[in-house]
Amino acid sequence: MLVVVQIPIVDLRGFTAESNRLPVPGWPAPEPDKDFLRAFGAIRRRPSGGLNGWLGEAAVCEAGRGLRFAGSLQRSLVTKSGDWKLRVAYRRFFSDGVATGKFEIGFDVRPVRSTGNLLRVDEVVAGLLKLPLSSEGTIARSLGAAGGPLAQAYARATTSHVANPDAASRFVLAGRPAVVIEHNGRTLCVPNVARVMEAEGPDAPTAIFWHQRLFAADVPVWFLPRPRGARLGPTREIRLYLCRFHAETEAIAKTFRAVSMGAIAPSPRSPQSDRLQRFLLNAFRHHRQVGKRLDSKTGLPFYEAALWHRDHALPGYYDSLLTAISAVNPRSSVQTAIEDYISERRSQDDRATVFVLGDYVMTQNHITNSGTIGVIGEVSHSSVTASQTTLGGASNEAIVQLEALAKILKEQASNPDEEVAAEAVKKAAEKLSSGDESAALAWLKRSGAWALKVAESISAKLAAELIIRASTT
């Protein structure tokens, strides 16, 4: 079983005036056996070739030095359902030369012993994501939480020595990790809430998808079983598409957030503005084309699932995104593409927009949730279990709690997403102070699960209830 853990790296420096980003390696087509990525490794040709439909990936950085485990990597992984033999197959990095990058580490994982029941795949995923990494003077992190330090290491490795690497790291962000599993052989057990997608036809592929809650994040997991005797090529191609697709999805989402909050605001008609507009235009078109091609090839709704996962993280950002894009005076084609995208997503949101707080798994016909869930619009042929906390009118205590929460969030914010949440809570407190409860709820809808978690940790009960209410109305 090949288990690929991916950490997307989103580089926004190309959209700023002074990026000081090194031109080498020459992504997306660096020179194998000549170029290298400082502190990561050399550029090599991918042994089995690249990926049709997407530029690059025939040449990748063999990034053996980019991420190291604490001590020697354990040879076995012990889970409740049994033991697994463990070996690192590769560590690789790829960038498209604009904003999308991805670090991938592949594990060769083989079952050794079962405790009696079927071996569970989700236990393997959790075990791998919790593997400890080398700290090198900083706080040691697990693989699943390595995104931030890895993004900072990449920023330092690709910034000129004469520049300030700390300034550069502000524009290099880590996306949410993802896991893609390619399996051939022994029957394994997947979570009972996983979504099984089967295409029509005797030789059609099957994919199983679920979100796995870990490190306060929902990690998307794709499980691709391959029957014994089946060719490796089709399953490998789907795996490569899914890995690139997730990296592109995170790059678009992070760019949206940075534009919406003004973290990147290039001057109109500047080279940086042109680069940003080209990236967004190409990303929309290419993402849709390749996503639908993948759906057509497999008969499985990968594109729809990726869009849902991306926009689940962006509720309430459409208006601010459009306003921010207009400020850079975009060309008509870019403006039209963004407006079409927002219109398409809003129409889907109107039909069924789901905001979830707590652990959850969503399938086509069923939603299982151990937190609080709210559904807006029509969800046909579905079973939904929900609860909603109702808070009466605005109160002075709620305002005090929101103000205190906003201050704590601002102090603890470590990335643009968390800065957006802090600002949203602050604006909500201001609106509630002026008596505009509907506007306060609109701002709180943008605050997300992190703000709720902090509110609960400081016992800001009324603030937490308002956040839940905003997410379900």
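Structure summary
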quantity: Members of the range 238-267 that are of a type outside the set (Gly, Ala, Ser) and surrounded by fewer than 18 Cβ atoms within 10 Å (Cβ to Cβ); calculated: none
quantity: Residues of the range 405-458 satisfying the condition of being of a type in the set (Val, Ile, Thr) and surrounded by fewer than 19 Cβ atoms within 10 Å (Cβ to Cβ); calculated: 408, 458
quantity: Test: residue in the range 224-233 that is at pLDDT 85 or above and either within 24 Å of residue 419 (Cα to Cα) or assigned to a helix (DSSP H, G or I) (or both); calculated: no
quantity: Subset of the range 1-34 [of a type in the set (S, T, N, Q) and surrounded by 22 or more Cβ atoms within 10 Å (Cβ to Cβ)]; calculated: 6
quantity: Qualifying strands (runs of 3 or more DSSP E) (wholly inside the range 59-107; at least 3 residues being at pLDDT below 95, farther than 18 Å from residue 141 by Cα and over 24 Å from the mean Cα position of the chain (by Cα)); calculated: 76-79, 82-95
quantity: Flag if residue 38 is of a type in the set (Lys, Arg), under 12 Å from residue 154 (Cβ atoms) and touching a residue at least 24 places away in the same chain (Cβ under 8 Å); calculated: yes
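The values are calculated or read from the model by the stated rules, or taken from the named source; none is laboratory data. This one's a predicted model, so the numbers in the text were calculated from it and none came from an experiment. Don't worry about glycine lacking a Cβ; one is built from the backbone with ideal geometry, like all the others, and counts go over all protein chains shown.
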